[in-house]
Amino acid sequence: MKAAFSEQGVAWVAGGRACVARKPDYAPFCPRLGRASDVAWNGGDAWAALPGVGLVITLDRAAQSVHAGAVVALSARHIYREDGSALTYSGSPAGQIAGTPTRVTTGGDGQDYVVLNGELRRFSDNALIEPAPLPYLLPTSLGVQSVGVPTVVTADGTYRLSGGSLERLDNGGVVIARVADDAVEVGAVGQDILTVSALGKLRRFTGSLQEF
(Lines give C-alpha, C1' and ligand atoms only; values in the text may rest on other atoms or scores of the structure.)
Protein backbone atom coordinates (compact mmCIF):
# COMPACT_ATOMS: atom_id res chain seq x y z
CA MET A 1 0.00 0.00 0.00
CA LYS A 2 1.32 3.46 -0.91
CA ALA A 3 -0.07 6.98 -0.63
CA ALA A 4 0.93 10.44 -1.83
CA PHE A 5 -0.25 13.77 -0.43
CA SER A 6 -0.30 17.28 -1.90
CA GLU A 7 -2.13 20.58 -1.49
CA GLN A 8 -4.76 19.18 -3.88
CA GLY A 9 -5.58 16.02 -1.94
CA VAL A 10 -4.43 12.43 -1.49
CA ALA A 11 -3.86 9.54 -3.91
CA TRP A 12 -3.23 5.96 -2.91
CA VAL A 13 -2.94 2.44 -4.20
CA ALA A 14 -4.21 -0.51 -2.13
CA GLY A 15 -4.44 -4.05 -3.40
CA GLY A 16 -3.43 -2.83 -6.84
CA ARG A 17 -6.32 -0.35 -7.07
CA ALA A 18 -5.43 3.33 -7.40
CA CYS A 19 -7.69 6.08 -6.04
CA VAL A 20 -7.64 9.85 -5.62
CA ALA A 21 -9.57 12.08 -3.21
CA ARG A 22 -9.42 15.84 -3.66
CA LYS A 23 -10.17 18.48 -1.06
CA PRO A 24 -12.44 19.82 0.26
CA ASP A 25 -14.84 16.86 0.25
CA TYR A 26 -12.25 14.07 -0.25
CA ALA A 27 -14.70 11.90 -2.18
CA PRO A 28 -12.69 8.85 -3.34
CA PHE A 29 -12.51 8.31 -7.09
CA CYS A 30 -11.12 4.95 -8.19
CA PRO A 31 -11.09 4.59 -11.98
CA ARG A 32 -11.07 1.18 -13.60
CA LEU A 33 -7.44 0.61 -14.51
CA GLY A 34 -4.98 -2.22 -14.69
CA ARG A 35 -3.13 -3.15 -11.53
CA ALA A 36 -1.28 -0.11 -10.14
CA SER A 37 1.96 -0.20 -8.16
CA ASP A 38 2.54 3.43 -7.07
CA VAL A 39 1.02 6.91 -7.09
CA ALA A 40 2.35 10.47 -7.02
CA TRP A 41 1.29 14.09 -7.57
CA ASN A 42 2.81 16.23 -10.31
CA GLY A 43 1.55 19.52 -11.68
CA GLY A 44 -1.73 19.29 -9.78
CA ASP A 45 -2.45 15.86 -11.23
CA ALA A 46 -2.55 12.51 -9.47
CA TRP A 47 -0.64 9.83 -11.41
CA ALA A 48 -0.53 6.06 -11.12
CA ALA A 49 2.05 3.57 -12.41
CA LEU A 50 0.66 0.57 -14.31
CA PRO A 51 3.68 -1.71 -14.74
CA GLY A 52 1.73 -4.43 -16.51
CA VAL A 53 1.19 -2.18 -19.54
CA GLY A 54 4.23 0.07 -19.09
CA LEU A 55 2.20 3.25 -18.55
CA VAL A 56 1.98 6.07 -16.04
CA ILE A 57 -1.42 7.76 -16.27
CA THR A 58 -3.49 10.44 -14.57
CA LEU A 59 -6.28 9.29 -12.29
CA ASP A 60 -8.71 12.15 -12.91
CA ARG A 61 -9.03 15.51 -14.67
CA ALA A 62 -7.57 15.60 -18.21
CA ALA A 63 -6.37 12.21 -19.44
CA GLN A 64 -2.60 12.07 -19.78
CA SER A 65 -0.21 9.15 -20.08
CA VAL A 66 3.50 8.42 -20.36
CA HIS A 67 4.83 5.29 -22.04
CA ALA A 68 7.45 4.51 -19.40
CA GLY A 69 8.11 0.76 -19.56
CA ALA A 70 9.12 -1.07 -16.39
CA VAL A 71 8.27 1.54 -13.74
CA VAL A 72 9.16 0.74 -10.13
CA ALA A 73 8.44 4.02 -8.31
CA LEU A 74 7.07 7.55 -8.68
CA SER A 75 8.01 10.83 -7.01
CA ALA A 76 6.59 14.31 -7.36
CA ARG A 77 9.29 15.04 -9.97
CA HIS A 78 10.21 11.83 -11.75
CA ILE A 79 9.19 8.39 -12.95
CA TYR A 80 11.74 5.71 -11.96
CA ARG A 81 12.30 2.59 -14.02
CA GLU A 82 13.71 -0.81 -13.22
CA ASP A 83 17.01 -0.11 -14.97
CA GLY A 84 17.68 2.96 -12.79
CA SER A 85 16.73 5.50 -15.42
CA ALA A 86 14.26 8.30 -14.70
CA LEU A 87 11.78 10.22 -16.82
CA THR A 88 9.88 13.46 -16.36
CA TYR A 89 6.09 13.39 -16.52
CA SER A 90 6.38 14.68 -20.07
CA GLY A 91 8.38 11.56 -20.94
CA SER A 92 11.82 13.19 -21.26
CA PRO A 93 14.98 11.53 -19.86
CA ALA A 94 15.81 12.85 -16.38
CA GLY A 95 18.92 10.97 -15.30
CA GLN A 96 20.26 7.59 -14.25
CA ILE A 97 21.23 5.78 -11.06
CA ALA A 98 23.19 2.56 -10.71
CA GLY A 99 20.44 0.13 -9.84
CA THR A 100 16.75 -0.22 -9.04
CA PRO A 101 15.46 2.14 -6.31
CA THR A 102 13.30 0.59 -3.63
CA ARG A 103 11.88 3.89 -2.32
CA VAL A 104 11.79 7.41 -3.69
CA THR A 105 10.43 10.74 -2.49
CA THR A 106 10.77 14.43 -3.22
CA GLY A 107 12.24 16.44 -0.37
CA GLY A 108 11.31 19.87 0.88
CA ASP A 109 14.25 21.25 -1.11
CA GLY A 110 12.63 20.11 -4.35
CA GLN A 111 15.22 17.37 -4.93
CA ASP A 112 14.48 13.66 -5.26
CA TYR A 113 15.93 11.12 -2.85
CA VAL A 114 16.16 7.37 -3.46
CA VAL A 115 16.88 4.29 -1.39
CA LEU A 116 19.34 2.30 -3.46
CA ASN A 117 21.20 -0.81 -2.28
CA GLY A 118 20.15 -0.07 1.29
CA GLU A 119 21.43 3.53 1.25
CA LEU A 120 19.57 6.84 1.09
CA ARG A 121 21.03 9.01 -1.68
CA ARG A 122 20.18 12.24 -3.43
CA PHE A 123 19.22 11.48 -7.01
CA SER A 124 20.78 14.51 -8.71
CA ASP A 125 24.39 13.88 -7.63
CA ASN A 126 24.31 10.47 -5.90
CA ALA A 127 25.35 12.08 -2.59
CA LEU A 128 25.06 9.70 0.37
CA ILE A 129 22.53 11.04 2.89
CA GLU A 130 22.12 8.06 5.24
CA PRO A 131 24.06 4.77 5.03
CA ALA A 132 21.33 2.69 6.72
CA PRO A 133 17.98 4.47 6.47
CA LEU A 134 14.94 3.60 8.56
CA PRO A 135 11.83 2.24 6.79
CA TYR A 136 10.03 5.54 6.00
CA LEU A 137 11.14 8.74 4.27
CA LEU A 138 10.12 12.11 5.71
CA PRO A 139 10.54 15.29 3.63
CA THR A 140 12.14 18.14 5.57
CA SER A 141 12.95 21.74 4.68
CA LEU A 142 16.53 20.67 3.92
CA GLY A 143 15.71 17.50 2.00
CA VAL A 144 14.70 14.11 3.40
CA GLN A 145 15.40 12.04 6.50
CA SER A 146 14.38 8.50 7.36
CA VAL A 147 12.08 7.69 10.28
CA GLY A 148 10.89 4.51 11.93
CA VAL A 149 7.12 5.01 11.52
CA PRO A 150 4.90 6.93 9.07
CA THR A 151 5.24 10.61 10.03
CA VAL A 152 4.27 14.05 8.77
CA VAL A 153 5.50 17.38 10.13
CA THR A 154 3.32 20.48 9.88
CA ALA A 155 3.48 24.01 11.26
CA ASP A 156 1.20 22.85 14.09
CA GLY A 157 3.20 19.82 15.13
CA THR A 158 4.29 16.31 14.23
CA TYR A 159 1.83 13.50 13.53
CA ARG A 160 2.77 9.84 13.38
CA LEU A 161 1.24 6.38 13.24
CA SER A 162 2.48 4.17 16.06
CA GLY A 163 1.09 1.19 17.95
CA GLY A 164 -2.31 1.28 16.29
CA SER A 165 -2.79 5.00 16.95
CA LEU A 166 -2.41 8.35 15.28
CA GLU A 167 -0.36 10.54 17.61
CA ARG A 168 0.31 14.27 17.76
CA LEU A 169 3.64 15.37 19.23
CA ASP A 170 4.70 18.79 20.43
CA ASN A 171 7.96 20.44 19.39
CA GLY A 172 9.78 18.56 22.14
CA GLY A 173 8.63 15.16 20.90
CA VAL A 174 6.08 14.59 23.68
CA VAL A 175 2.78 12.92 22.69
CA ILE A 176 -0.01 15.40 23.44
CA ALA A 177 -2.94 13.69 21.70
CA ARG A 178 -3.74 10.21 20.46
CA VAL A 179 -6.61 8.48 18.63
CA ALA A 180 -6.97 4.83 17.65
CA ASP A 181 -6.22 4.31 13.95
CA ASP A 182 -5.12 1.21 12.03
CA ALA A 183 -3.80 3.26 9.09
CA VAL A 184 -0.43 2.67 7.43
CA GLU A 185 0.05 6.10 5.77
CA VAL A 186 -0.33 9.64 7.14
CA GLY A 187 0.00 13.01 5.46
CA ALA A 188 -1.20 16.61 5.46
CA VAL A 189 -3.40 18.40 2.93
CA GLY A 190 -3.45 22.03 3.99
CA GLN A 191 -4.71 22.07 7.57
CA ASP A 192 -6.18 18.56 7.31
CA ILE A 193 -4.41 15.44 8.59
CA LEU A 194 -5.30 12.36 6.56
CA THR A 195 -4.62 8.68 7.10
CA VAL A 196 -5.07 5.72 4.77
CA SER A 197 -5.38 2.10 5.88
CA ALA A 198 -3.90 -0.95 4.17
CA LEU A 199 -7.33 -1.59 2.62
CA GLY A 200 -7.61 1.97 1.29
CA LYS A 201 -9.88 3.42 3.98
CA LEU A 202 -9.45 7.20 4.19
CA ARG A 203 -9.89 9.20 7.42
CA ARG A 204 -9.34 12.91 8.00
CA PHE A 205 -8.70 14.82 11.19
CA THR A 206 -8.26 18.35 12.38
CA GLY A 207 -4.92 19.29 13.95
CA SER A 208 -6.34 18.37 17.36
CA LEU A 209 -7.13 14.85 16.07
CA GLN A 210 -10.87 15.38 15.90
CA GLU A 211 -12.22 13.30 13.01
CA PHE A 212 -14.52 15.00 10.52
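Among the residues of segment 82-102, the one identified as out of contact with any His (no Cβ under 6 Å at 6 or more places or on another chain), surrounded by 21 or more Cβ atoms within 10 Å (Cβ to Cβ) and not aromatic (Phe, Trp, Tyr) is PRO101. Of all residues in segment 158-212, those satisfying the criterion of being surrounded by fewer than 16 Cβ atoms within 10 Å (Cβ to Cβ) and among the hydrophobic types (A, V, I, L, M, F, W, C) are VAL174, VAL175, ILE176, VAL179, ALA180, ALA198, LEU199, PHE212.
State all residues of segment 180-212 that are within 19 Å of TYR136 (Cα to Cα), acidic (Asp, Glu) and in contact (Cβ under 8 Å) with a residue 60 or more places away in the chain; if no residue qualifies, say none. Within segment 180-212, GLU185 is the sole residue that qualifies.
For segment 108-212, the strands (runs of 3 or more DSSP E) that sit wholly inside it and include 1 or more residues that are among the aromatic types (Phe, Trp, Tyr) are 112-116, 136-140, 157-162, 202-205. The condition (being more than 22 Å from MET1 (Cα to Cα), out of contact with any helix residue (DSSP H, G or I) (no Cβ under 8 Å at 6 or more places or on another chain) and not basic (Lys, Arg)) is satisfied by just one residue among ASP182, ASP170, ASP192: ASP170. A single entry from ASP45, ASP38, ASP83 fulfils the requirement of being of a type in the set (D, E, K, R) and closer than 21 Å to LYS23 by Cβ: ASP45. Strands (runs of 3 or more DSSP E) fully within segment 10-73 that include at least 3 residues being under 25 Å from TYR113 (Cβ atoms) and open to solvent by less than 40 Å² (accessible area, probe 1.4 Å): 38-42, 45-50, 55-58.
The values are calculated or read from the model by the stated rules, or taken from the named source; none is laboratory data. Please read all numbers here as calculations on a predicted model, not as lab measurements. Note: ideal-geometry Cβ built from the backbone for every residue, glycine included; neighbour counts use all protein chains shown. The accessibility values were calculated without ligands, DNA or RNA, using every heavy atom of the protein model including side chains. Shrake-Rupley method; radii C 1.70, N 1.55, O 1.52, S 1.80 Å.
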